[in-house]
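The values are calculated or read from the model by the stated rules, or taken from the named source; none is laboratory data. The shown structure was predicted, so the numbers you read here are calculated from the model rather than taken from an experiment. Reconstructed Cβ throughout: ideal geometry from the backbone, glycine too, with neighbour counts over all protein chains shown. Surface accessibility is based on the protein's heavy atoms, side chains included, excluding ligands, DNA and RNA. Shrake-Rupley method; radii C 1.70, N 1.55, O 1.52, S 1.80 Å.
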Amino acid sequence: MERTQVPLGQPTAARMYDEALGGKDHYAIDREANSRLYAAIGEERVRSTAMENRRFLGRAVEYLARECGVRQFLDVGSGLPTVRNTHQIAKEADPASRVVYVDIDPIVAVHGRALLADDNTRIVTADMRRPETILDDPELNKLLDFNEPVAVLFVAVFHFVTDQDDPARIVGAFRERQAPGSYVTISHLCADGMSEAEQQGWYAGFSGATVPMVLRTEPEIQRLFEGYDLVEPGLVRPWRWRPAEDGSPRTDSLLGGVARLG
Ligand code: SAM
C-alpha cells in the first residue's frame, strides 16, 4: 500500500480505538465494526478497556519521564492523536524531550502532522512487523540517539501481531538497538480472565479489519519482556499499575507492564 493511502474500505484498529475513546477521526465502517464489538462484549466494557489502556499509557510515560529521567520516546502503534499524547506528557517533564510516533495506518500521520508540528516530534508510517524499517528510518535517526536511553512503547499493539510474525523477535530487534537504562512498555489484551464470549467478541469485532486480532495468555505476554527487568508492580491489570486519581476504569481484559534494560 502507498504510504499515504488511507484504507477506507475496511475498518482499522486506529479508527476503531478512536471511536471507542470518544474521538472524531473515524468512519461509518469503523463504527459498524465497533457495534459488532459492543453487541458481543458490551459497549461499556469495550470503552472502559480502551480508556483503562489509555490511562496506563499516560501514567507509564509520566513515570518514565519524571521518575526515570527518560528524554527519548519511540511510541510504536501510537494510534491517532487524542488527549494527553506521549509528546505532551514527556514535554511536561522536559520541553526538550524527543518523541517519534510510528503507526501502520497512514491516517495517523495525516491527522497528526498539523497537531505535532514541533521540531522534537515526528510521525513515521511503518509496519512494526518489519522492525528494521522503523529502526533504520532516517527521520527517526535524526531525532533519536540509541546510544542514550530510549523508552519504546508497544501499548495495545501486539494483539494485532500474529505468532507467525513472532512478537518476541520484534521486541528483540528494538532491544538490540537500545542502550542500558532504556525501557520497554507493553500492554496487551489477555485471554486469561475473559469469558469465552468476550474472547469470541474481540475476534469477531476485528474479523474484517486491516489488522488481525490475537489474544494471548499471561505467560505469552510475560515472554515479550524477555531480556528486560519488569519494574514494580510487574505485569498487572493496567488499572493496578501505579494507580492514580486519573479515573481509570477497571476491567480484567488487559495486562500491562514497564521494564528496564540493565
Ligand atoms: N498505542 C496507542 C494507545 O495505546 O493508546 C494506540 C493503540 S491502538 C488500539 C493500536 C494501534 O496499533 C493502531 O493505531 C494500529 O494502526 C497500530 N498497529 C497495528 N498493527 C501495527 C503494525 N504492524 N505496525 C505498526 N502499527 C500497528
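Quick check: anything in the range 24-44 surrounded by fewer than 19 Cβ atoms within 10 Å (Cβ to Cβ), closer than 19 Å to Trp241 by Cβ and away from the ligand (no atom under 14 Å from the Cβ)? The answer is no; no qualifying residue exists. Scanning the range 85-101 for residues that are open to solvent by less than 10 Å² (accessible area, probe 1.4 Å), in contact with an Asp or Glu (Cβ under 6 Å, 6 or more places away or on another chain) and in a strand (DSSP E or B) turns up nothing.
Every listed requirement among (1) within 10 Å of the ligand (Cβ to nearest atom); (2) surrounded by fewer than 23 Cβ atoms within 10 Å (Cβ to Cβ); (3) in contact (Cβ under 8 Å) with a residue 40 or more places away in the chain is met by Val124 save one, (3).
Exactly one residue out of Glu132, Glu176 is open to solvent by 10 Å² or more (accessible area, probe 1.4 Å), without any contact (Cβ under 8 Å) to a residue 40 or more places away in the chain and part of a helix (DSSP H, G or I), and it is Glu176. Against the test of being within 18 Å of the chain's Cα centre (by Cα) and under 23 Å from Arg54 (Cα atoms), the options Glu245, Glu232, Glu218, Glu198 yield a single qualifying residue, Glu218.
In the set Ala114, Ala109, Ala65, only one residue is among the hydrophobic types (A, V, I, L, M, F, W, C), at pLDDT below 95 and more than 16 Å from the ligand (Cβ to nearest atom); that residue is Ala114. One residue stands out in the range 75-84 among those that are more than 9 Å from the ligand (Cβ to nearest atom) and touching a residue at least 24 places away in the same chain (Cβ under 8 Å): the one that is most open to solvent (accessible area, probe 1.4 Å), namely Arg84.
In this structure, is Ile104 open to solvent by 60 Å² or more (accessible area, probe 1.4 Å), within 15 Å of the ligand (Cβ to nearest atom) and hydrophobic (A, V, I, L, M, F, W, C)? For Ile104, the condition - open to solvent by 60 Å² or more (accessible area, probe 1.4 Å), within 15 Å of the ligand (Cβ to nearest atom) and hydrophobic (A, V, I, L, M, F, W, C) - is met. Sub-6 Å Cβ pairs linking a first residue in the range 153-166 that is among the β-branched types (Val, Ile, Thr) and open to solvent by less than 20 Å² (accessible area, probe 1.4 Å) to a second residue that is in a helix (DSSP H, G or I) and modelled with pLDDT of 95 or more, at least 6 apart or interchain, are Val155/Leu57; Val161/Pro167, ordered by first then second residue.
Among the residues of the range 194-222, the ones that are surrounded by fewer than 16 Cβ atoms within 10 Å (Cβ to Cβ) and either within 16 Å of Ser253 (Cα to Cα) or of a type in the set (A, V, I, L, M) (or both) come to 8 in all. Within the option set Ser48, Ser97, being hydroxyl-bearing (Ser, Thr, Tyr), touching a His at 6+ places or on another chain (Cβ under 9 Å) and touching a residue at least 12 places away in the same chain (Cβ under 8 Å) holds for one residue only, Ser97.
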